[in-house]
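Before any comments, here is the structure.
What follows is calculated from the coordinates using simple rules that are stated; it is not laboratory data. Since the model is a prediction, treat every value here as computed from it, not as a measurement.
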Amino acid sequence: MTIEGQVPVVAGGKTLDSNASSSVSPALVLLAGWLFPGAGHLLLGKWVRAALLMVSIVCMFAIGVALQGKIYTPNTGEPLDMLGFVGDLGAGLLYALGRLLGWGQAPVLAAVADYGTKFIVVSGLLNVVAAVDAHSLATGRKHS
Amino acid sequence: MTISHFAAVLLFSLFTSIVFAITQRSEPKSMVRFGALCFALFVGGTVAMSWAMWLIKH
């Protein structure tokens, strides 16, 4: 039982936020958010945030591909190439789709194509940030 | 597809600022403010660095 206006306190000193979803597993939210941009927020019922995140990340990835940016493959060569692969992997299913359809395999010759490579890597990194944010909302670490 | 360097800066700044705003702030009003600040800093920082590089070269 709690007094009106007070936030219930659980063991360990952590507080439970009223917006935290108890019906959806935080791990599922994290996984969904990683697999598809905005899906984590969608599971939590935050439609507007989910739509904005999805549009932003998908557009960024699509622009990167349209600019003929490179999609990294698993490699053990240059450290920057390995980091590029890790960044790309953050895009979840978008990365898998790009690999399946053979996007981003042409050699990078123009400056804008190099920008495209950066767009693709950053879209993956932003997707990870968005997925972690959804996880924080699900656990109540972030209030709203 | 080909876009100018400045258009690439604007698009990058726009999408990145939206994600930063949503993930780093909790209230809608502060999200808008933080997003606008991020966008201005991205674009302004790029223009400032471009001028700095031009000055170094000349």
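Across the alpha-carbon atoms of segment A:81-134, the computed radius of gyration and Dmax are 11.5, 37 angstrom. Expressed as a whole percent, the proportion of Cα-Cα pairs in the protein assembly as shown lying more than 25 Å apart is 45%.
Largest GNM mean-square fluctuation among B:Ala36, B:Ala21, B:Ala48, using chain B with Cα springs under 10 Å: B:Ala48. By the Stokes-Einstein formula, at 0.890 mPa s and 25 °C, chain B with its Kirkwood radius over alpha-carbon pairs has D equal to 197 µm²/s. Rounded to the nearest whole Hz, the Karplus-based 3J(HN,Hα) values (6.51 cos²θ - 1.76 cosθ + 1.60, θ = phi - 60°) of segment A:44-60 follow the sequence 8, x, 9, 5, 5, 4, 4, 5, 5, 5, 4, 4, 4, 6, 5, 4, 5, with x at glycine and proline.
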